[in-house]
1. Identify all residues within segment 81-100 that are of a type in the set (A, V, I, L, M) and modelled with pLDDT of 95 or more; write none if there are none.
2. Working only within segment 183-197, note down all residues that are touching a Pro at 6+ places or on another chain (Cβ under 9 Å) and free of Cβ contacts under 8 Å to residues at least 60 places away in the same chain.
3. Within segment 272-292, is there a residue that is free of Cβ contacts under 8 Å to residues at least 24 places away in the same chain and surrounded by 18 or more Cβ atoms within 10 Å (Cβ to Cβ)?
4. Which condition from (1) within 25 Å of the chain's Cα centre (by Cα); (2) touching a residue at least 40 places away in the same chain (Cβ under 8 Å); (3) more than 24 Å from LEU178 (Cβ to Cβ) is the one that SER305 breaks?
5. Can you name the residue in segment 417-430 that is of a type in the set (A, V, I, L, M, F, W, C) and not in a helix (DSSP H, G or I) and is also surrounded by the fewest Cβ atoms within 10 Å (Cβ to Cβ) among such residues?
6. Please determine whether any residue of segment 479-486 is within 19 Å of ASP58 (Cα to Cα), within 16 Å of the chain's Cα centre (by Cα) and either modelled with pLDDT under 90 or open to solvent by less than 30 Å² (accessible area, probe 1.4 Å) (or both).
7. Return only the number of the condition from (1) exposed (fewer than 15 other Cβ atoms within 10 Å of the Cβ); (2) assigned to a helix (DSSP H, G or I) that PRO414 does not satisfy.
Amino acid sequence: MNATAPHPQASHPTPARRRSRALPRGASARRALWAAALCGFAHAQADSDGLQRLVARDAVRLLADADPVVRGEAGLIVAAQADPIHHSAILHLARDDDVEARERGILALGLQATPGVTAVLDDLLCDYQTRTQPLGITAAFALGMLPPEHAPAMTSRILTSFLEGSLKRQRDTLLALLLGLRRHEQGSQTTALRRLFDDESLRDPEVRAQLLALLLPVDRTFDAKALRRVLERGSDEERAALLTWLGPNASACDSELVPLLERTALHGSQPEQRALALAVLTRLRHLPALEIAAKALRSSSPIESGQAMRSVLGIGGASMRRALEQRVLDESDPVRKAALLQNYDAPLSTELGDACAHLAADESAPMPLRTAAATLLARSAPERASPILRDLFRATTVDESLGTLAIALLRDAPEPPALSRLLDGPVDLRQHPARWQALVAARHPEAVRQVLACLEAPNTSTADRTQALSIWRRTMLLALPRPRAGSLPAVLQTLLAD
């Protein structure tokens, strides 16, 4: 997991388990919510549960669609409601004749989480031939997604069973299960997880890192000695997992670990490690970290230089603002300058605000740098930044910037900008899929309305319907886990890819 990406549980919002209040039926409900979405931005955000119910209601109809991917994506949306009334439909989808629908149906079992879904997962995972195939790997992820109280004994049994077979052959299945377990705290699985972590034959760095990330919040036997051993002898992946956890839990850091953290912040083998160690020292208010951060400001890694900016501000406070602003203004490397701007979490002086406005409007500057300047300006001068943000959202060819720009556009706006001001050409978002996803994630009401319209229109193409369903699922329900590059099982990459 990289230094800035959330844990998988953060990437997958927990589905609502409570029964929702009654809605008016049929078209009147849709008209009421669409009117709220278009006429009252704050109200639309507050009523996102209602919009989710409307999308789920449309998805129920699509469970019988002729296209297997449409059926599967619809099943994931329906299952996230965890309504027992759909139990049989989700079980049927998990046994679909088409593998593309069946794999998504198996994933949906983990979201449906009604009594009986575990039997299907158990059958797939107890068959040692099936468990290492795509269906078994998918079932492992679904089992991990279940709330801990649903199948604790079965989960413990499956975890323990990995000690009895070839871990190399079962690596993707075990990793998928661990990634799914990251959705919830796993106190009931402490013993089984610790047995795996202590197994010296289990050496896969990513698997060990995922085990460590699950254990640290719940296993109180990880004392200073055990943590020190990870910092000194663990793989890069294990050290990153430990440092990521220590960041928000710095109070658990024993004083004898501080010299190791200093050494890692200065000489760690990866920029991510150095940045994470510096973040822990900053949380500890360790004054010598200020000097480490000052050196890291010159790092060629945006992860490290960005953390250095946060650390200097966090430890040095207001007294450092003027020097840091000058450092940003003087920086000539566009990648490092963007990182410094992204992490400058302090009020802007007039000089830096003017520089951000000029830089954001400079068409010769790299788009990530212009995006960083515009979003920083938006935090202190939203009205001044608004037209710049609109222009950047319309013009950028960097998909990674779209989410940041969409959030900045909608964060302090009294009402959302019209789509006609955010797109070149027609305002049909089907022609702008990356922008559509960014706007739905930011809860732009017109973008949400186009999802609903796409699901309901009888003449919508299969490709457009698939796109609308997958955008909704990724932004609202279930996205791709983000462990380190190359470590994600291929079947999950295919099923959940952006």
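The values are calculated or read from the model by the stated rules, or taken from the named source; none is laboratory data. Model, not experiment: these values are computed from the prediction. For neighbour counting, all protein chains shown are included, and Cβ atoms are generated from backbone atoms with ideal geometry for every residue, glycine included. Note: areas computed on protein heavy atoms with side chains; ligands, DNA, RNA excluded. Shrake-Rupley method; radii C 1.70, N 1.55, O 1.52, S 1.80 Å.
1. ILE85, ALA89, ILE90, LEU91, LEU93, ALA94, VAL99
2. The answer is GLU185, GLN186, GLY187, SER188, GLN189.
3. No.
4. All conditions are met except number (2).
5. Per the stated criteria, the residue is ALA418.
6. no
7. Looking at each condition in turn, PRO414 falls short on (2).
Residues are listed down the side, and each one gets a yes or a no for (1) among the aromatic types (Phe, Trp, Tyr); (2) farther than 13 Å from VAL312 by Cα:
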{"position": "GLU232", "(1), (2)": "no, yes"}
{"position": "ALA241", "(1), (2)": "no, yes"}
{"position": "TRP245", "(1), (2)": "yes, yes"}
{"position": "VAL258", "(1), (2)": "no, yes"}
{"position": "LEU261", "(1), (2)": "no, yes"}
{"position": "GLN273", "(1), (2)": "no, yes"}
{"position": "ALA289", "(1), (2)": "no, no"}
{"position": "LEU297", "(1), (2)": "no, no"}
{"position": "SER301", "(1), (2)": "no, yes"}
